[in-house]
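These notes concern the structure reproduced below.
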Amino acid sequence: MEKKEQLKEVKELVDIFRDSMIDFRQAMESREALSIKIGSRTTQIIRYSLTGMLVLTLGMFSLIFTLLFRMEQMTQSMKQMGKYMENMDQNFSSVAKNMDTMNQHVRVMLNMSVAMGEMTESMREMSIGINKMNKNIASMEGSVGAMSFDMAKMNYQFTGLNSHVRSMGYNVNHLAAPFKMFPFP
């Protein structure tokens, strides 16, 4: 009888071990299925994140390209303004020369009619110089107006850029929301 009892105990032990192994196998299968599910979700999140980052990168490059293009236009406008300023400087030099000529004629006045004739000539040259200067000033006003318009356009584009950057920040926060569910530091 002792043998039967031992056999019975062994059978119970084998049954307990078999049940434990079945439970262990089921737990491992559940763990593997859960790991696969987590892996596929993580892969989806990474794909969406990379796609979003690519879109944001393309947007940033287009904004940078637009900014560089506008800066080139501003540089060209500044070069034109420099040319107008150079012309204006030449006209001021011409006016200064005419003023020197007029001063010399006033100091050297030997004869009143000769002096009046020379003064009339100097005034005529000065008038021509002032007319040229008026034309250059009008041209410069046009350039300043164009530059003001370009600055307004650039301000508008920077306003749009700020809006896009805020939108990108919102999108990044929105994309990062699913990561807050995971127990990552």
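The values are calculated or read from the model by the stated rules, or taken from the named source; none is laboratory data. Predicted model only: the values in this text are computed from it and were never measured. With ideal geometry, Cβ positions are generated from the backbone for all residues, glycine too; neighbour counts draw on all protein chains shown.
With respect to ARG41, is the statement that it is without any contact (Cβ under 8 Å) to a residue 60 or more places away in the chain, closer than 30 Å to VAL172 by Cβ and among the charged types (D, E, K, R) true? When the stated conditions are applied, ARG41 passes them.
Kindly evaluate TYR84 against the criterion of being modelled with pLDDT under 85, among the hydroxyl-bearing types (Ser, Thr, Tyr), in a helix (DSSP H, G or I) and surrounded by fewer than 11 Cβ atoms within 10 Å (Cβ to Cβ). Here the answer is no, as TYR84 does not meet what is asked. State whether one or more residues within region 7-24 are touching a Leu at 6+ places or on another chain (Cβ under 7 Å) and modelled with pLDDT of 90 or more. Taking every residue of region 7-24 in turn, none turns out to be touching a Leu at 6+ places or on another chain (Cβ under 7 Å) and modelled with pLDDT of 90 or more. When THR66, THR57, THR51 are screened for being closer than 19 Å to LEU161 by Cβ and exposed (fewer than 13 other Cβ atoms within 10 Å of the Cβ), only THR57 passes. Do we have any residue at all in region 150-158 that's closer than 30 Å to SER49 by Cβ, surrounded by 11 or more Cβ atoms within 10 Å (Cβ to Cβ) and either free of Cβ contacts under 8 Å to residues at least 24 places away in the same chain or among the polar types (S, T, N, Q) (or both)? Yes, region 150-158 has at least one match. Which residues, counting only those in region 110-149, are surrounded by fewer than 12 Cβ atoms within 10 Å (Cβ to Cβ), over 39 Å from the mean Cα position of the chain (by Cα) and more than 21 Å from SER94 (Cβ to Cβ)? Listed by number, the residues that qualify are LEU110, ASN111, MET112, SER113.
Please specify each residue of region 1-35 satisfying the condition of being among the acidic types (Asp, Glu) and either loosely packed, with under 10 Cβ neighbours inside 10 Å or not in a helix (DSSP H, G or I) (or both). Steps first, answer last, please.
Taking region 1-35 as the starting set, the residues that turn out to be among the acidic types (Asp, Glu) are 2, 5, 9, 12, 15, 19, 23, 29, 32.
Selection gives GLU2, GLU5.
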